[in-house]
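The values are calculated or read from the model by the stated rules, or taken from the named source; none is laboratory data. Source: prediction; values computed, not measured. Cβ placement follows ideal geometry from the backbone for every residue including glycine, while neighbour counts extend to all protein chains displayed. Surface accessibility is based on the protein's heavy atoms, side chains included, excluding ligands, DNA and RNA. Shrake-Rupley method; radii C 1.70, N 1.55, O 1.52, S 1.80 Å.
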Amino acid sequence: MTAEARHWLDLIHGLPLDRTLKIMNVCGGHERSISLAGLRTLLPRKIEIIPGPGCPVCICPEEDLYQAMRLALDEHVLLVAFGDMLRVPVNLPRSQPRSLDAARAAGADIRPIASPMDAVAIARQHPERDVVFFAAGFETTMAPVAALLGQNLPDNLSLLISGRLTWPAVAMLLESEKYAFDALIAPGHVATIMGAEEWQFVTQRHALPAAVAGFTPESLLAAIYSCLRQTLEGRSFLDNCYAEVALPEGNPTAQRLLKNAFDVVDANWRGIGTLQSSGFNLKEVHVSHDARDRFPDHTRASRRRAGEMPPGCACANVVMGQIYPNQCPLYGRGCTPRNPVGPCMVSDEGACRIWWANGVHSQREAPICPE
């Protein structure tokens, strides 16, 4: 542990905590850093760090995954997607492919990519094929996707967009008044794009302490300390503990790219429902590269439990901070990284996968908050 991290940890241990205080960290990257550094084991027992809705793979609508699968299987497109998306399960009978990986095993041409530019390269390598880039992610992922649309894209490349904005999920939680946390750690990567000031609504509208954090133990501990101090002193403001990267106004160039490429629309979050102004849709000017316009819509067919989590899966509760990952009835039993049932056990930003990778293989009984 560095001297700076030890300094923040000592300050935290010196605080007069007279009750349990719960802090939600929105970002899946934060959850990974917190778990990898073992911060929960170093903090006082009266501090709970709760994973939040910061995993784009976990909340990607099931109908979008189904559409991507059917395009690859029925329309015979060459489909590319970020690697995590390939193993996310869809609610289908066991006799049918239930993930992009399974569709690939059934003969579909589906390829994992690491960068949006990989999609362009593959389309140029295969000018005789229709190539579809299934693009799912939050603002940090959608900004480079938007940048593609400012280039001279190959005519055979189209985009199946499943992008989401991060803040509406937090706003929905706070406005429901059923949230079970005392303070919020705002996502550093998103703040670098959209600006730290985007999270002012947490403190101004809901009087909840908040801090933007980076991904080192030092930055995360500084944010935790700030949230605790604000709570103990009965005040709330947005503290930027990632100021060297996350400017108050964010990245104007990235914001301009997003604005030119996408309309912000109401959008579905898997297992959660439709959130207002939470999704990205391609603007009409880019319709020639919109997979939803170029290919048949396979999502309208009536399917049992379409859009929901698989039976018994509590991923939606984990995403919304209502339970810890190992409180899901399937955690470590029917659901493991090798055989994931729910999306939170698939992605490196999914809380269940992160907890499992860091040695939490047993279930916990006590809930964070009552149903």
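Ranked highest first by average number of other Cβ atoms within 10 Å, how do 338-348, 176-186 line up?
Values: 338-348: 23.2, 176-186: 20.2.
In descending order of packing, they fall as 338-348, 176-186.
In Å, what Kirkwood hydrodynamic radius results for the chain from the alpha-carbon pair distances?
For the chain, the Kirkwood estimate is 21.2 Å.
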Practice task
Heavy atoms only, probe 1.4 Å: what % of the accessible area of the chain goes to carbon and sulfur, would you let me know?
Solution key: 49
Completion exercise
Charge tally for neighbours of W167 with beta carbon under 15 Å away, counting Lys, Arg as +1 and Asp, Glu as -1, is -3
Handout entry: Relative contact order %, region 120-167, counting alpha carbon pairs below 8 Å whose residues are six or more apart
Key = 52
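Over the chain, what relative contact order in percent results from Cα pairs under 8 Å that are six or more residues apart? Don't skip to the end; give the middle numbers.
On the way: 739 pairs, mean separation 81.1, N = 371.
So the answer I get is 22 percent.
With the Cα gyration tensor of region 70-144 giving a ≥ b ≥ c as the square roots of its eigenvalues, does the rule (a/c under 1.5 for rounded; else a/b larger than b/c for prolate; else oblate) give rounded, prolate or oblate? If you can, show how the numbers build up before the last one.
Values: a/c = 2.52, a/b = 1.29, b/c = 1.96.
Since a/c reaches 1.5 but b/c is at least a/b, the shape of region 70-144 is classed as oblate.
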Completion exercise
So, over other residues within a Cβ distance under 13 Å of L238, counting Lys, Arg +1 and Asp, Glu -1, the net charge is -1
Completion exercise
Among L65, W356, T274, the residue whose Cα sits farthest towards the positive end of the charge dipole of the chain, when +1 is placed on the Cβ of each Lys and Arg and -1 on the Cβ of each Asp and Glu, is W356
Practice task
Hand me the tally of lysine pairs in the chain: alpha carbons under 29 angstrom apart, and the pair either on different chains or 8 or more positions apart.
Solution key: 4
Problem - the chain: calculated mean residue ellipticity at 222 nm from DSSP helix runs of at least 4, using -39500 (n - 2.57) - result: -9500 deg cm²/dmol
Practice task
Working from Cα positions, state the angle (0 to 90°, nearest 10) between the long axis of helix 62-74 and the longest principal axis of the chain.
Solution key: 30
Fill in the blank from the handout: Under 5 Å from the placed amide H of L160, counting only residues 5+ away or on other chains, we find F133, F134, A135, A291
Handout entry: Relative packing of peptides 32-44, 56-68, 161-173 - highest average C-beta neighbours within 10 Å first
Key = 56-68, 161-173, 32-44
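Please report, in debye to the nearest 20, how large the charge dipole of region 1-124 is about its Cα centre when each Lys and Arg carries +1 at its beta carbon and each Asp and Glu carries -1 there.
Dipole size: approximately 420 debye.
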Fill in the blank from the handout: Residue-ordered couplings for region 345-361, obtained by feeding phi - 60° into the Karplus form 6.51 cos²θ - 1.76 cosθ + 1.60 and rounding to whole Hz (Gly and Pro as x), are 9, 9, 7, 5, 9, x, 4, 5, 4, 5, 4, 5, 5, 9, x, 8, 10
Problem - Net charge dipole size for the chain [Lys, Arg +1 and Asp, Glu -1 on Cβ; Debye, nearest 20] - result: 980
Problem - Antiparallel content of DSSP bridges confined to the chain, in %, to 5 - result: 20
